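For reference, the structure is listed below as structure tokens.
The values are calculated or read from the model by the stated rules, or taken from the named source; none is laboratory data. Since the model is a prediction, treat every value here as computed from it, not as a measurement. In this analysis, Cβ positions are derived from the backbone assuming ideal geometry, glycine residues included, and neighbour counts consider all displayed protein chains.
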Amino acid sequence: MAQGNIKVIETRSNKIVPLPVTPGTSLLAKNPFQFLNELNIDRLCMPACETPEVIVCDHLLTLQLSPQHLFETWEEGQLKQIHKGVGSVTLAPSGFRFWGRWDKDVEILVLTLKPAVIARCAIELHDINQTELVRCTGRLDSQIWHLGLALEAELKEENPNGQYFWESLTNAIALRVLKQYSAFEPKIQHYSGGLSPYQLKRTIEYISDNLNLDLSLNVLAAMLGMSPYYFERLFKQSVGRTPHQYILHCRIERAKQLLQDNELSIGEIACQVGCKNHSHFSKLFRKLTGMSPKTYRNQF
């Protein structure tokens, strides 16, 4: 039995130990923006086994990828039998204590959320005290499911959409968890009317001047002195697109201008519009225009 990346506290020894995984399992590394230290993701195989009683260190969201199986758990003084299947989502909040066993090998996707990201999300929603999460087992949550698979796909492709996309998905997952799995219903303030003319002008100018960079949601929001949650919503009210969609649109429009100049290679243009490489740029260009960069260039 191999050792995984996800750590828990074994109650008998009071030591931090890794979850067991099937030998040879391919584990996804921590996200490339490790300085954020908010969300990690692992796809792993868990052998049929019984675990000792453990305490969860961080918030663990488990997405079930395997066919239905029986999961038995002893928690809060009760033995529970739960049938889990593809698409079910389980939340074990930080500090949760349980013992468990399952009757067959299973494949799961585990999102490890630091308690700090939930606390930050609560602050952004102006509800600083509502950070306590409740245990949930085997629930169908299509939003968490699709967000988790989107994160995995982004990692598999070596993060072609960059830092902004990762931050946006992280915030979306944290917000969903706080809304659906909080011990108390969060009080969310709603704003309408979009960004002020000055805020919108400053944001658009910043994006235009920095298209070659790996733009950050958190930086854009902080520049206007607001949370990422409200920045994304107010920007969309003003522009009709999410900031991520707008950034992609600007990159393609800038690329169209540059492609009319034969002095630059397609690889050089990819760098100038903030794409990681030639391949990602070509895929994005084709997706948004219906043709390859080369075909577009040949028109001129």
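Things to note:
- Taking the stretch 205-260 as the region of interest, the helices (runs of 4 or more DSSP H) fully inside it that hold 2 or more residues being farther than 19 Å from TRP166 by Cβ are 228-239, 243-259.
- Exactly one residue out of LEU36, LEU113 is within 26 Å of ASN218 (Cα to Cα) and at pLDDT 85 or above, and it is LEU113.
- Hits in the stretch 112-142 (condition: under 21 Å from LEU65 (Cβ atoms) and either free of Cβ contacts under 8 Å to residues at least 12 places away in the same chain or loosely packed, with under 15 Cβ neighbours inside 10 Å (or both)): ARG139, LEU140, SER142
- Test set (1) loosely packed, with under 15 Cβ neighbours inside 10 Å; (2) in contact with a strand residue (DSSP E or B) (Cβ under 6 Å, 6 or more places away or on another chain) - ALA222 fails condition number: (2)
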